[in-house]
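Below are the structure tokens for one structure; questions will follow.
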């Protein structure tokens with residue numbers, strides 16, 4: 001492909017190239033394509049979001065955080081962006097940011113099972129048993145509805161462990 005053809009590509013075409021290179025596992029070309037899409041269209045939401053995902057997979061969490069923050073600027077009501085930002089915030093030790101973004105993801109989508117599961121683990125980490133169990137029960141119920149048997153079993157096992165550790169039952173934790 002000539003440099004003239006490269007220059008004539010749209011942001012969306014570069015983004016689509018990035019998707020294709022991502023599926024092939026070609027990180028260098030994936031990043032190049034997404035960055036070119038963003039260069040041509042600084043408000044290309046999916047390019048920002050997907051580059052954040054790719055950074056996260058490579059454990060480049062500070063870079064992922066920056067990309068997710070930019071995606072969030074473009075679509076503040078996207079629960080998956082809040083969730084993704086919460087995940088990387090937790091990895092880089094920004095616990096309060098992680099809580100904030102899990103809560104926002106759940107405000108937007110109260111049926112987001114993985115967000116319930118992950119925020120439960122944050123609550124467990126600060127020894128807030130009632131909150132941990134509350135969110136684990138919700139996660140387990142949602143995983144059951146979506147047929148995610150492994151995740152449901154894991155959540156139910158954690159409910160039992162937390163119940164013993166904090167001397168609480170799921171009934172004790174229905175309301176916060």
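Assuming residue 64 fulfils every condition listed in (1) surrounded by fewer than 17 Cβ atoms within 10 Å (Cβ to Cβ); (2) farther than 24 Å from residue 154 by Cα apart from one, which condition is it?
(1)
Oh, and also: Counting only residues that are within 22 Å of residue 52 (Cα to Cα), give me the helices (runs of 4 or more DSSP H) lying completely in segment 66-176 with at least 2 of them.
Correct list: 79-91, 95-108, 113-125.
Check 63, 39, 12 and return the single one that is closer than 17 Å to residue 97 by Cβ and either assigned to a helix (DSSP H, G or I) or under 22 Å from the mean Cα position of the chain (by Cα) (or both).
63 is the lone residue from the list that is closer than 17 Å to residue 97 by Cβ and either assigned to a helix (DSSP H, G or I) or under 22 Å from the mean Cα position of the chain (by Cα) (or both).
Next question. Could you give every pair whose Cβ atoms fall below 9 Å, whose first residue belongs to segment 55-67 and is outside the structural domain of residue 92 (by TED's automatic domain parsing), and whose second residue is assigned to a loop (DSSP other than H, G, I, E, B), counting only separations of at least 6 or pairs across chains?
From segment 55-67, no pairs qualify.
The values are calculated or read from the model by the stated rules, or taken from the named source; none is laboratory data. Fair warning: this is a prediction, and the values are worked out from it, not measured in the lab. All Cβ positions, glycine included, derive from the backbone under ideal geometry; neighbour counts span all protein chains shown.
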